[in-house]
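The values are calculated or read from the model by the stated rules, or taken from the named source; none is laboratory data. None of the values given here were measured: they were computed from a predicted structure. Quick reminder, even Gly has a Cβ in these numbers, built from the backbone with ideal geometry, and neighbours come from all protein chains shown.
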Amino acid sequence: MAELDTSGGGGKKGGKVRSKKASTRIDLTAMVDLAFLLITFFIMATTLAKPKAMDTYWPDKSKKEVQLPVPESRTMTVLLGANDKMEWFVGEPGKTAPTVDNFGKNGIRKALVEKNKEIEASHAGPDNFMIVLIKVSDKATYKNFVSIMDEITITGIKSYAVIAITPAEVAQLKKDQLY
């Protein structure tokens, strides 16, 4: 709002007749009120971004539980190596040749989907799902771990575990120049 201040400059009498100069004064009270109302509106109307996190469940180390035997034909082992590369194999280590792969829909995601379908078709009963064992080398990055977890979520793998990598598997990564 603008306010016009038209007060005279004093009570002089006589002299030259001069035109009165009106001084202007701007009252910002209403503009400040409007600014705070707009800020309040946008704060209340905006949805704040919620962080997206994936739940992982870790076993209690104080309890020793008996593990049930799992057929090797239902397990897929993924070894995370250096340079955003990995290798995977189905079954026991050393009995099947590992496949060097990368992340993405034409990489590990395709392999997870295909092998899961094969295992579901070849095993009857309620235990016809694939178990993925994720083994992270010390040359892999955190980004690689998050990427493989995303791929597992995208493909809908029912059972997976993150376990320690063995020296034989590190030797395999070195042999394939992924360590």
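Within region 124-179, track down each residue that is loosely packed, with under 15 Cβ neighbours inside 10 Å, part of a loop (DSSP other than H, G, I, E, B), polar (S, T, N, Q) and touching a strand residue (DSSP E or B) at 6+ places or on another chain (Cβ under 8 Å).
The one that is loosely packed, with under 15 Cβ neighbours inside 10 Å, part of a loop (DSSP other than H, G, I, E, B), polar (S, T, N, Q) and touching a strand residue (DSSP E or B) at 6+ places or on another chain (Cβ under 8 Å): T166.
Scan region 134-162 and report the pairs whose first residue is of a type in the set (S, T, N, Q) and modelled with pLDDT under 90 and whose second residue is in a strand (DSSP E or B) and surrounded by 13 or more Cβ atoms within 10 Å (Cβ to Cβ), with Cβ atoms within less than 8 Å and a gap of 6+ or a chain change.
Short answer, once both residue conditions are applied: S159/I131; S159/V132.
Could you pull out the residue among K139, K158, K105, K110 that is among the charged types (D, E, K, R), within 25 Å of the chain's Cα centre (by Cα) and closer than 19 Å to T56 by Cβ?
Exactly one residue qualifies, and that residue is K158.
Could you tell me which numbered condition V90 fails, if it satisfies all but one of (1) without any contact (Cβ under 8 Å) to a residue 40 or more places away in the chain; (2) exposed (fewer than 10 other Cβ atoms within 10 Å of the Cβ); (3) under 31 Å from the mean Cα position of the chain (by Cα); (4) within 25 Å of D127 (Cα to Cα)?
(2)
Do we find a residue being in contact with a Ser or Thr (Cβ under 8 Å, 6 or more places away or on another chain) and surrounded by 16 or more Cβ atoms within 10 Å (Cβ to Cβ) anywhere in region 99-110?
Within region 99-110, one or more residues are in contact with a Ser or Thr (Cβ under 8 Å, 6 or more places away or on another chain) and surrounded by 16 or more Cβ atoms within 10 Å (Cβ to Cβ).
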